[in-house]
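This report refers to the structure that appears directly beneath it.
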Amino acid sequence: MTMAGKGILAMDESNATCGSRLEGVGVENIEENRRRYRELLITTPDLGEHIGGAILFEETLYQSCADGTSFVDALNAQGIYPGIKVDKGLRPLANTSESWCQGLDDLADRSAAYYEQGARFCKWRSVVSIPDGPPRTAVTGLARYAAIVQNAGLVPIVEPEILLDGEHGIDETFEVASWVWAETFKYLADNNVSFERMLLKPSMVGPGADCPTRNTAEEVADYTLRMLNSRVPPATAGIMFLSGGLSELDSTLYLNAMNQSPNPWHVSFSYARALQNTVLKTWAGDDAKKDEAQAILARRARENGQAQLGKFVAGDVSDSESESTYQKNYVY
Ligand code: 13P
């Protein structure tokens, strides 16, 4: 996953989120349609050239292709590590406007079962909303999760997503992100988590979605790298960004800008929306469009692989690829 020119395909949307995306293109949210769509993604020819890992939802980890090949075997055949989302979603935290992430109680047992099924890495996503003020529980849960899953042999992705929601400018995002990552690493160290065997999934440091001032790719890259350099130990294996509602094009341009000079870590992508948005719209449940949709996914993976090397050059871009996928109060 941290080889040059490679990143991660996030395809771990919960049934509710996957369902709303499917319904958005006129496809009914039933298990068979979720399976068909995910089969299209993972059987994309040569996907493994630029995708080193795929994060799956629990249901998907146990599914198979129409020809009976398990999804785990199909991914391994492409040289892609199967991963699994292990958090059990967000719940309101009493007496605050914050949320907390469920799933720690039985995590050791579940991790052992996921490893047995073929998963080799995993993800836990907590969220931070800048307008809601400093988070209290987001980072403590992340550290306990990372410690538990490392003991089960899984590589944790540590993801405190700072949502795009808000009118704040890039400087305020920088302050909050610096605080979040300082706290995250304090708790990771307190829990004896091995930095060499984990990946981070940060949001890029940019302005809030409703901020009137927009920043260039170079500015976003500069703020993001300054924040990471001051907070993230070089031993950390990889920084795999989420796309967070940025357009497909911006996600690639921002990553490319961050890789114009060497970084202490592998700086790459773990995008869901920025890899899948146009793919899903193109397929829209019609298997006659499968090849076209897969070609788009292969191209988006290749372009982000180029951005990981700092060598992306934008060509013709469709409207869909340049439109933001931002949704307020985004739930995964
Ligand atoms: P995007 O923000 O890239 O859609 O993905 C979010 C995520 O956490 C996927 O694992």
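Every number in this text was worked out from the coordinates using simple rules, so none of it is lab data. Keep in mind that this is a model prediction, so the values were computed, not measured. No Cβ is skipped: glycine too gets one built from the backbone with ideal geometry, and neighbour counts run over all protein chains shown.
General observations
- When the residues of region 300-321 are filtered to those that are in contact with a Ser or Thr (Cβ under 6 Å, 6 or more places away or on another chain) and within 16 Å of the ligand (Cβ to nearest atom), the one that is farthest from G238 (Cα to Cα) is S320.
- Flag if N33 is farther than 27 Å from I162 by Cα and touching a residue at least 60 places away in the same chain (Cβ under 8 Å): yes
- Residue, surrounded by the most Cβ atoms within 10 Å (Cβ to Cβ), within region 99-116, restricted to residues that are in contact with a strand residue (DSSP E or B) (Cβ under 8 Å, 6 or more places away or on another chain) and outside any strand (DSSP E or B): Y114
- Count - residues of region 92-112 that are more than 23 Å from the chain's Cα centre (by Cα) and under 21 Å from V331 (Cα atoms): 5
- When restricted to residues that are within 17 Å of the chain's Cα centre (by Cα) and farther than 16 Å from W265 by Cα, region 303-320 contains 2.
- Pairs, first on the phi > 0 side of the Ramachandran plot in region 93-113, second part of a loop (DSSP other than H, G, I, E, B) and not polar (S, T, N, Q), C-beta under 9 Å, six or more apart: G103/V86; G103/D87; G103/K88; G103/G89
- Residue in region 295-306 that is within 28 Å of R197 (Cβ to Cβ) and loosely packed, with under 14 Cβ neighbours inside 10 Å present: no
- In region 219-245, the qualifying residues are those that are within 16 Å of the ligand (Cβ to nearest atom) and aliphatic (A, V, I, L, M), and the one that is farthest from M3 (Cα to Cα) is V220.
- Taken over region 260-299, the residue count meeting the criterion of being more than 16 Å from the ligand (Cβ to nearest atom) and hydroxyl-bearing (S, T, Y) is 2.
- Wholly enclosed helices (runs of 4 or more DSSP H) of region 167-258 bearing at least 2 residues more than 30 Å from R299 (Cα to Cα) and more than 17 Å from the chain's Cα centre (by Cα): 170-190, 217-231
- Subset of region 279-332 (residues that are under 17 Å from D250 (Cβ atoms) and of a type in the set (K, R)): R299, R300
- Qualifying residue in region 206-218 (condition: touching a helix residue (DSSP H, G or I) at 6+ places or on another chain (Cβ under 8 Å), surrounded by 23 or more Cβ atoms within 10 Å (Cβ to Cβ), closer than 24 Å to Q327 by Cβ and not hydrophobic (A, V, I, L, M, F, W, C)): yes
- In region 4-40, of all residues being outside any helix (DSSP H, G or I) and over 17 Å from the mean Cα position of the chain (by Cα), the one that is nearest to the ligand (Cβ to nearest atom) corresponds to V25.
- Selection status of D210, free of Cβ contacts under 8 Å to residues at least 60 places away in the same chain, more than 15 Å from the ligand (Cβ to nearest atom), farther than 20 Å from W100 by Cβ and among the acidic types (D, E): yes
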